[in-house]
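The values are calculated or read from the model by the stated rules, or taken from the named source; none is laboratory data. Keep in mind it's a predicted model, so treat the numbers as computed, not measured. As a convention, Cβ positions derive from the backbone with ideal geometry for all residues, glycine included, and neighbour counts pool all protein chains shown. Please note that ligands, DNA and RNA were not included when accessible areas were found on the heavy atoms of the full protein model with its side chains. Shrake-Rupley method; radii C 1.70, N 1.55, O 1.52, S 1.80 Å.
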Amino acid sequence: MSGKTPLEDFVTHRTRQSIEALEEELVAAIYQQREWEQEIMSFNPQSDAPSHIVQSFTQSKLKVQELELKIRQVRHSF
């Protein structure tokens, strides 16, 4: 037995599920970020990349950072 109450076990289990779901979302966001980065790198010079591609890349970077922060918050919340 874990020495925890059923409620504590439930919360721990749900927290692990939340972290796993966030990590899966993070992996997908990282792949998306890399795709946008590759798209930008196909332009020479890279400053010739269309603004919508640069904006999408920037948004993808922000999404990765947001997910990393959420994972940290969930891990440190209990």
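Once Rh is set to the Kirkwood radius over Cα pairs, what Stokes-Einstein translational diffusion coefficient, in µm²/s, holds for the chain at a temperature of 37 °C and a viscosity of 0.692 mPa s?
D, rounded to a whole number, is 224 µm²/s.
Could you rank the peptides 45-51, 60-66 by their average count of other C-beta atoms within 10 Å per residue, with the highest value first?
Details: 45-51: 9.9, 60-66: 15.0.
Going from most to least packed, we get 60-66, 45-51.
Report the relative contact order of the chain, percent, no decimals, based on alpha-carbon pairs under 8 angstrom and at least 6 residues apart.
RCO, the chain: 42 percent.
Using the charge dipole of the chain (Lys, Arg: +1 at Cβ; Asp, Glu: -1 at Cβ; taken about the Cα centre), state which of Tyr31, Thr58, Ile19 has its Cα farthest towards the positive end.
Of the candidates, Ile19 comes out farthest on the positive side.
For the chain, find the longest principal axis of its Cα atoms and tell me its angle to the long axis of helix 51-75, 0 to 90°, nearest 10.
Tilt of helix 51-75: around 20 degrees.
Counting heavy atoms of the protein chains only and a 1.4 Å probe, report the per residue accessible area for the chain as a whole number of Å².
78 Å²
In whole percent, and with a 1.4 Å probe on the protein chains, what portion of the accessible area of the chain is carbon and sulfur? Don't skip to the answer; put the middle values down first.
Details: 3250 of 6110 Å².
Ligands and nucleic acids excluded, carbon and sulfur reach 53 percent.
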